[in-house]
Amino acid sequence: MDLSVVIPCYNEVESLPDLVQRLDSFVESFTGSGHCCEVLLVDDGSTDGSRELQEELASSRSYLRLVPLRRNFGQTAAMAAGFDQARGIVVVPMDADLQNDPHDIPLLLDKMEEGFDVVSGWRHRRQDPWLTRRLPSAVANWIISRVGGLRLHDYGCTLKAYRRELLQHVQLYG
């Protein structure tokens with residue numbers, strides 16, 4: 001397995017059909033170039049019918065694996081559960097809310113080919129409200145960059161690529 005895409009899902013019944021359609025296109029392109037991949041949908045205790053929809057969507061897609069959690073544990077715990085189940089050499093987490101495009105994954109993988117162990121995405125065209133989401137995020141990014149000494153555009157972007165062997169030694173906490 002070359003690639004595992006980990007997608008935490010919590011009450012995403014409205015976005016799942018579009019997300020899986022985009023994933024279908026990405027997986028077809030990615031596997032068409034000789035690579036193998038899996039997509040893990042980690043259901044974080046959804047109550048809106050998302051889990052049933054995931055099961056329906058996965059029934060006709062061999063690349064989709066479901067990781068159901070028995071209740072809502074939060075995004076970090078869902079991410080950790082997906083990382084634990086991932087079999088790919090590279091693991092790429094992404095959001096289920098369509099803020100990340102699966103077709104951006106090859107850009108991350110290209111950077112990894114240059115020798116990087118971790119590559120971070122950037123929500124360049126965020127669709128969140130400016131005052132309540134984007135401004136606080138910009139302030140947090142600035143503070144983290146100043147304190148940590150590492151300049152990233154968007155620390156909060158879920159779309160990243162990791163070499164799986166690195167994740168085996170990381171303990172996520174929320």
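Taking amide H positions as modeled 1.01 Å from N, with prolines and chain starts lacking one, no residue 5 or more places away or on another chain lies under 5 Å from ARG87.
Near the amide H of VAL67, within less than 5 Å, lie the amide hydrogens of LEU41, VAL42, ASP43, all on another chain or at least 5 residues away, with H placed in the peptide plane.
Order the peptides 97-109, 158-170 from the highest to the lowest mean number of other Cβ atoms within 10 Å of their residues.
On the way: 97-109: 17.2, 158-170: 15.6.
Highest mean packing first, the order is 97-109, 158-170.
For the range 29-35, the Karplus equation 6.51 cos²θ - 1.76 cosθ + 1.60, evaluated at θ = phi - 60°, returns couplings of 5, 5, 6, x, 9, x, 9 Hz by residue, with Gly and Pro reported as x.
Where a number appears in this text, it was derived from the coordinates with a stated rule and is not lab data. These numbers come from a predicted model, not from an experiment. Because the Cβ atoms are built from the backbone with ideal geometry, glycine has one as well, and the counts that use them run over all protein chains shown.
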